[in-house]
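Okay, structure first, notes after.
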Amino acid sequence: MGVKKVSNVKSILGILALLFSGAFFVYILKFAGGADIWYDEVFSLMFVRGNVSEIIASTARDVHPPLYYIYLKGFTALFSQLFGIKSFYFAAKFASIFPWLVLFIVDITYIRKRFGLFVAGLFALLISFMPQLSVYYLEIRMYSLALLFVTLQVLVAERIIDAKEKTVLFQWILFFLLGIATAYTQYYACIATIGIYLAAFILLITDRDNPQSRKKALWIVLSAILSCVLYIPWISVLLKQIGNISGSYWIQPLTIRSLAGCVKFVTLPEGNTSKLAYISVGLMLLVIAVALWRTFSKSAPLMVLMCAPAFVVVLSGFVLSALGTPIFIYRYLGPALGAFWLFVSIIIDRSIDRLPLFLFLIPFILIGEMNFKGFCFEEQKKLDQADAAFAAVSEIPENSVIITNFDHVTAVISYYRPDCRVYLYEAPIDRLLQDGLGNIVELTKDEDVKELVGAEPEVYFLGSFNSREEIVKNWKSLGISSDLLSNILIERYWINIYRLF
């Protein structure tokens, strides 16, 4: 009777979790209507202005492969055809929500059938509410698409490894296609895929109970070779990109403290450093450790496969950092987190065999609630400030000169106001942005500012950080006066708008 009660409670909780996750999807759609973008998203929207060949040429000059941008181009073009050009920003953001929807459909069909209703519900809940994931369903970048590809490839790999019979050709084709699609989406997602290949190969060659394992291992090798062949056209571009950033990239080298940073990134609720948040994280990590200990003999192969993407991504980050090319930041873990949280869902399910053990879920619920509250607060703040911000920016007359002191603001304002010349004061700008947007100019001397103010009828300074007051004060000593018109928030940038005269 106890086992039946546990099973019934699991089923109820699984259904409730799926309902909460579905509500999450509906709720975050309200945040997709804003036109606020940040620096990285400027590149995404700039690239999709071109056709496919132009997108490929542009991304070759950037630090990412082209598949996401081609996907985004198709998505925004379809929405614009169906709903008009006004749907563009929603379409661009919905392109990042759509992978969640696909994964949810896979969850309620395949994952539910494969691992049970409770696992399906908990997994849906975790990929919706756990830290650092929600924001990528709204960001106009490739992380959610890469998360979808990596998670699906792990699922296919698990099916291939576990099956005692000969694997059908369709599964191999799907495994291969997901891998190569991931490799052309984002480089650290590509490294996550390499982790899947390595884990699958190791699990297969060490499996002595399945007579098909050695054959499957050979197919893994053949799939890897074919993937490398299909990646050859992009290898020269990748090497050039690495050469361009080597030794001059802004990312700091990794240290042993970076491991704690990775754990904090994955588990700490957004914008919450309270004692309750840290206690909840500690309890959640303890629950995961206990669940792993209780199920280790049965779950070890799954751990190798489903945690390999995250492990290899972090390991490669340290290796590249040691080689003098520190190009790993915590958000590059994002695409690997779907597989990780699926593994956590499975071991929690296998650990809960008595009713009191449902207390295991409390830390996950607390962290999910705190994270979602922080996420909603930030997104709502952006929406609340957006109308006033865009009104202030639109009041700047056409053909004005706009001076900025932060390259992120330079890019964003240049994108929003293509009819104005946008100058970046005393800092370099990415040449790709200059070429792609066409209205950005570097401004290195105060004398140039004075000359612009004297020659142009409308000159504005969009200042960021505390240094803006110092800059305005310095210009005043040169005879340049200013009026503070407004203080605005665009996405994540607080900006003072000054009129110079």
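The values are calculated or read from the model by the stated rules, or taken from the named source; none is laboratory data. Bear in mind the structure is a predicted one, so any value in this text is a computation, not a measurement. Here the Cβ positions follow ideal geometry from the backbone for every residue, glycine too, while neighbour counts run over all protein chains shown. Only protein heavy atoms, including side chains, enter the accessible area calculation; ligands, DNA and RNA are left aside. Shrake-Rupley method; radii C 1.70, N 1.55, O 1.52, S 1.80 Å.
Kindly indicate the residue of the range 323-362 that is free of Cβ contacts under 8 Å to residues at least 60 places away in the same chain and under 26 Å from the mean Cα position of the chain (by Cα) and also nearest to M130 (Cα to Cα) among those meeting that condition.
Residues of the range 323-362 that are free of Cβ contacts under 8 Å to residues at least 60 places away in the same chain, as a first pass: 323, 343, 347, 350, 356-357, 359.
Narrowing further to those that are under 26 Å from the mean Cα position of the chain (by Cα): 323, 343, 347.
On the way: L323: 33, F343: 14, I347: 17 Å.
Per the criteria, the residue is F343.
Go through the range 462-501 and report how many residues are among the aromatic types (F, W, Y), more than 32 Å from the chain's Cα centre (by Cα) and closer than 26 Å to D384 by Cβ.
So the count comes out to 1.
Can you confirm whether F79 is at pLDDT below 95, over 24 Å from V150 (Cβ atoms) and buried (at least 18 other Cβ atoms within 10 Å of the Cβ)?
Against the criterion (at pLDDT below 95, over 24 Å from V150 (Cβ atoms) and buried (at least 18 other Cβ atoms within 10 Å of the Cβ)), F79 qualifies.
L198 - would you say it is of a type outside the set (S, T, Y), open to solvent by less than 90 Å² (accessible area, probe 1.4 Å), over 30 Å from F375 (Cβ atoms) and modelled with pLDDT of 95 or more?
Judged against the criteria, L198 is not a match.
Looking at the range 49-75, I want the residues that are over 20 Å from R431 (Cβ atoms) and open to solvent by 40 Å² or more (accessible area, probe 1.4 Å) and have a partner that is among the aromatic types (F, W, Y) and part of a loop (DSSP other than H, G, I, E, B) with Cβ atoms under 7 Å, at least 6 apart or on another chain. Which pairs are those?
Final answer for the pair search is L67/Y184.
From the set of residues in the range 281-313 that are among the hydroxyl-bearing types (S, T, Y) and open to solvent by less than 30 Å² (accessible area, probe 1.4 Å), which is nearest to the chain's Cα centre (by Cα)?
The residue in question is S299.
Could you tell me how many of the residues in the range 309-338 are farther than 18 Å from A146 by Cβ and not in a helix (DSSP H, G or I)?
Residues meeting the conditions: 4.
Determine which member of the set K86, K30 is among the basic types (K, R), part of a helix (DSSP H, G or I) and farther than 30 Å from L13 by Cα.
Values: K30 fails: farther than 30 Å from L13 by Cα.
Result of the check over K86, K30: K86.
Hey, does the range 341-348 have a residue that's open to solvent by 30 Å² or more (accessible area, probe 1.4 Å) and either part of a helix (DSSP H, G or I) or under 20 Å from L268 (Cβ atoms) (or both)?
No, the range 341-348 contains no residue that is open to solvent by 30 Å² or more (accessible area, probe 1.4 Å) and either part of a helix (DSSP H, G or I) or under 20 Å from L268 (Cβ atoms) (or both).
Would you confirm whether any residue within the range 278-296 is of a type in the set (S, T, N, Q) and without any contact (Cβ under 8 Å) to a residue 60 or more places away in the chain?
Yes, the conditions are met somewhere in the range 278-296.
Here is a list of conditions, (1) more than 30 Å from F364 (Cα to Cα); (2) within 27 Å of the chain's Cα centre (by Cα); (3) in contact (Cβ under 8 Å) with a residue 12 or more places away in the chain; (4) open to solvent by 40 Å² or more (accessible area, probe 1.4 Å), and W234 meets all of them except one; can you say which number that is?
Here W234 clears every test but (4).
Which of the residues belonging to the range 83-97 are open to solvent by 30 Å² or more (accessible area, probe 1.4 Å) and free of Cβ contacts under 8 Å to residues at least 24 places away in the same chain?
Once the filter is applied, which keeps residues that are open to solvent by 30 Å² or more (accessible area, probe 1.4 Å) and free of Cβ contacts under 8 Å to residues at least 24 places away in the same chain, the range 83-97 yields F83, I85, K86, F88.
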